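K.L.:
Just passing along the structure, written as structure tokens.
Where a number appears in this text, it was derived from the coordinates with a stated rule and is not lab data. Here the structure is a predicted model, which is why all the values come from computation and not from measurement. As a convention, Cβ positions derive from the backbone with ideal geometry for all residues, glycine included, and neighbour counts pool all protein chains shown.
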Amino acid sequence: MHTDFFAPEPILIPQCFLLYIVIYIQCKKRGPQLKLEEEIKELRGKIEYHNRKYYIENSPEISDYEYDLLFRRLKEFEEKHPHLITPDSPTQKVGGEPLEEFAQVRHSEPMLSLDNVYNLEELKEFDGRVRRGLEGDEKVRYVVELKIDGVSVALTYRGGRFVQGATRGNGVIGDDITANLRTIRSLPLRLLGKWKEGEEIEVRGEVFLPKKGFEKVNKEREESGEPLFANPRNAAAGSLKLLDPRITARRPLDIFLYYLRAPHLKIKSHSDALRRLKEFGFKTEPHYETFDSIDEMIPYLKKWEKKKEQLEYETDGVVIKVDSMTQQDILGATSHHPRYAAAYKYQPEQAETRLIDIKVQVGRTGVLTPVAELEPVFISGTTVSRATLHNEDDIRRKDVRIGDLVIVQKAGEIIPQVLSVVKEKRTGSEKTFSFPKKCPVCDSPTERIEGEAAVRCTGYWCPAQLKERIRHFASRTAMDIENLGPALINQLVDQNIIKDYADLYSLNKTIVSSLERMADKSAENVITAIQRSKSAPLDRLIFALGIRHVGQRASQILANTFRSLDALSDAPQEALVQVHEIGPKVAESIYSFFRQKETKVVLEKLRRAGLNMKM
Ligand code: IVH
């Protein structure tokens with residue numbers, strides 16, 4: 001689809017001729033430009049179409065490879081002609097420049113909360129209030145939809161383009177998180193259909209992190225020694241509050257829209273709004289249904305309470321809304337919640353069981369985590385025999401004692417937690433637990449850094465930390481040493497065969513095959529994998545070193561910037577802070593890591609073993 005341009009015939013009158021030359025040159029210059037603009041527009045259209053198919057409709061039509069080719073072509077065009085980049089180009093989903101702080105946005109109308117009901121009786125009372133509010137014996141139809149456990153946001157589109165997005169904040173004023181919202185794959189930057197210049201709509205919905213994405217994000221955080229998110233909602237909220245949209249772009253956030261405000265569209269009902277939202281290209285929660293009475297919706301409520309585990313995202317209940325907009329308007333709202341809607345909240349699944357013991361685990365970065373050992377109990381489809389107690393303060397706050405009967409909860413959290421103690425059932429034989437002053441594994445003193453909840457083991461040679469460091473070093477995303485599993489690592493460390501991950505390179509087949517459950521062939525495979533890892537790219541080596549706060553992405557950036565391990569280890573702190581995306585905390589951690597004498601010894605061993613240390 002190329003654009004023709006007008007080139008007049010030559011006329012042999014001098015002034016006209018001159019004018020002709022000028023127009024001709026301009027057209028010649030503009031011709032390719034127009035062609036390019038057309039081509040970019042067409043490419044963007046194609047990419048948006050396939051984005052929609054993949055992220056919104058869940059029915060891709062082309063392979064990832066074909067999609068990558070289209071995307072790369074657009075990126076190349078835009079790199080060559082940056083003046084043609086528009087904020088709604090699909091390439092902008094990777095996140096723009098970091099911000100200093102979020103601007104404040106006043107909502108067009110307050111973002112209210114929902115009135116909660118916890119059982120059928122309360123739901124019927126809500127229905128009674130609705131019917132009384134409507135006076136007379138009007139028919140009421142309800143839309144019932146799943147309540148997504150995420151973060152509510154308000155988005156403005158002007159002329160069909162996404163122009164602003166904000167958090168709920170205090171309900172009246174929220175943070176302008178437009179740049180972060182742009183990165184959400186399923187959020188359309190341009191709407192489908194025809195939109196007049198300046199035509200404005202506001203939509204609201206819930207940003208969430210699907211369960212799988214939550215696990216992925218936490219796994220990455222664990223690998224880079226960062227604190228884990230407690231549940232998908234916290235992870236979504238944390239991701240939207242980042243000042244660097246490029247980090248948000250790497251969190252697989254998603255969004256469902258459930259509210260449309262556009263008086264000129266004359267929307268008659270909530271179900272109509274949901275239909276229109278879909279037509280505009282938004283994703284809506286797919287399981288909503290309409291009912292004419294509370295009794296009719298009971299099977300729906302029961303079904304989803306049971307089936308919620310099977311969903312790809314967390315839901316903490318259902319939302320019941322009066323469908324008719326006229327009736328919604330009549331019912332109005334309190335200062336806290338609309339009177340036409342209610343949230344029917346599921347009870348988080350809990351169970352009572354006995355706490356048999358408290359064990360303290362030591363992680364790669366030395367953090368001591370108390371874990372409750374429980375009498376096994378069945379909660380939300382799984383048997384739970386351990387639950388986290390988070391940290392020292394948590395145990396003290398809840399006054400948890402060994403032998404207590406405790407309430408364990410699985411609500412959104414992947415790891416179950418001890419919620420509270422059933423103090424009335426204490427017999428007096430329960431024992432208080434004091435947090436160890438020394439590491440339970442290596443006996444080194446522990447320390448608690450001011451302002452942090454975590455207690456750490458100070459022993460660099462702590463076998464628990466060492467095992468975790470080696471496990472991380474060999475992991476798939478680091479040096480990718482196949483077959484070096486935990487059982488083998490435990491033996492190597494416990495028998496003092498290796499003292500750090502660099503010692504892996506001095507192992508040979510005879511040593512490894514002398515270990516328990518190590519056949520000759522397996523020993524050979526391990527040694528081959530260790531040897532092969534010597535040529536791993538620099539960014540993987542940096543990641544494998546296990547520097548606190550340095551994840552995969554930061555490792556790539558550091559490798560690209562410094563291009564050798566020597567340059568990175570010599571870099572002054574000021575040079576590290578200068579690197580794009582490396583904050584002061586990370587720079588500090590890198591700088592002190594390379595100044596530790598233990599690091600110097602390990603690096604020297606790695607160098608002698610012949611590892612690749614350059615780009
Ligand atoms: S309607 C005026 N619909 O639940 C009320 N909210 O507990 C507008 N939520 O702040 C909310 N799924 O963040 C509505 N289908 C849904 C929802 C939903 C999740 C959230 C929303 C709201 C919170 C209230």
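K.L.:
May I ask you to compute the full-extension gain from Ser522 to Arg73, defined as 0.36 nm times their residue separation minus their alpha-carbon distance, rounded to one decimal in nm?
P.N.:
Extra length available between Ser522 and Arg73 comes to 157.1 nm.
K.L.:
Let me ask another. Given bins 10 angstrom wide, list per bin the percent of all Cα-Cα distances in segment 30-165, short to long.
P.N.:
Result returned by the calculation: 8, 24, 24, 19, 14, 9, 2, 0.
K.L.:
State the Kirkwood hydrodynamic radius of segment 244-315 in Å, one decimal place, computed from all pairs of distinct Cα atoms.
P.N.:
15.0 Å is the Kirkwood radius here.
K.L.:
Separation of segment 234-272 and segment 507-539 by C-alpha centroid, Å?
P.N.:
49
K.L.:
Rounded, prolate or oblate, given the Cα gyration tensor of segment 308-365, with a/c below 1.5 counting as rounded?
P.N.:
Prolate, since a/c reaches 1.5 and a/b exceeds b/c.
K.L.:
Name the shape class, rounded, prolate or oblate, that the alpha-carbon gyration tensor gives for segment 450-544, where a ≥ b ≥ c are the square roots of its eigenvalues, rounded holds for a/c under 1.5, and otherwise prolate holds if a/b is larger than b/c and oblate otherwise.
P.N.:
oblate
K.L.:
Any idea what the alpha-carbon Rg over 2.2 N^0.38 Å comes to for segment 65-130?
P.N.:
Dividing the Cα radius of gyration by 2.2 N^0.38 Å gives 2.18.
K.L.:
So if I average 1/r over every pair of distinct C-alpha atoms in segment 319-442 and take the inverse, what Kirkwood radius in Å does that give?
P.N.:
Here the Kirkwood hydrodynamic radius works out to 17.2 Å.
K.L.:
Evaluate the Kirkwood expression for the hydrodynamic radius of segment 537-615, namely the inverse of the mean inverse distance over all pairs of different C-alpha atoms, and round to one decimal in Å.
P.N.:
Result for segment 537-615 stands at 12.4 Å.
K.L.:
Ratio of Rg to Rh for segment 107-215, alpha carbon only, Kirkwood?
P.N.:
Checking Rg against Rh, the ratio lands at 1.06.
K.L.:
So, one more: Report, in deg cm²/dmol and to the nearest 500, the calculated mean residue ellipticity at 222 nm for the chain, where each DSSP H run with n ≥ 4 adds -39500 (n - 2.57) and the sum is divided by the residue count.
P.N.:
After summing the helix terms and dividing by the residues of the chain, the value is -11500 deg cm²/dmol.
K.L.:
Hey, another quick one. Out of the GluC sites (Glu not before Pro) in segment 86-123, which ones are loop residues according to DSSP with at most 15 other C-beta atoms within 10 Å?
P.N.:
Glu100, Glu101
K.L.:
Give me Rg/Rg_expected for segment 460-615, where Rg uses Cα atoms only and Rg_expected = 2.2 N^0.38 Å with N residues.
P.N.:
1.06
K.L.:
Rg and Dmax in Å for the chain, alpha carbons only: what are they?
P.N.:
30.0, 112
K.L.:
What ratio of Cα Rg to 2.2 N^0.38 Å holds for segment 195-264?
P.N.:
The value comes to 1.43.
K.L.:
When the convex hull of the C-alpha atoms of segment 571-615 is computed, what volume per residue in Å³ does it have?
P.N.:
Hull volume normalised by residue count: 78 Å³.
K.L.:
Also: Diagonalise the Cα gyration tensor of segment 152-230 and give the resulting equivalent ellipsoid semi-axes, square root of 5 times each eigenvalue, largest first, whole Å.
P.N.:
31, 15, 10
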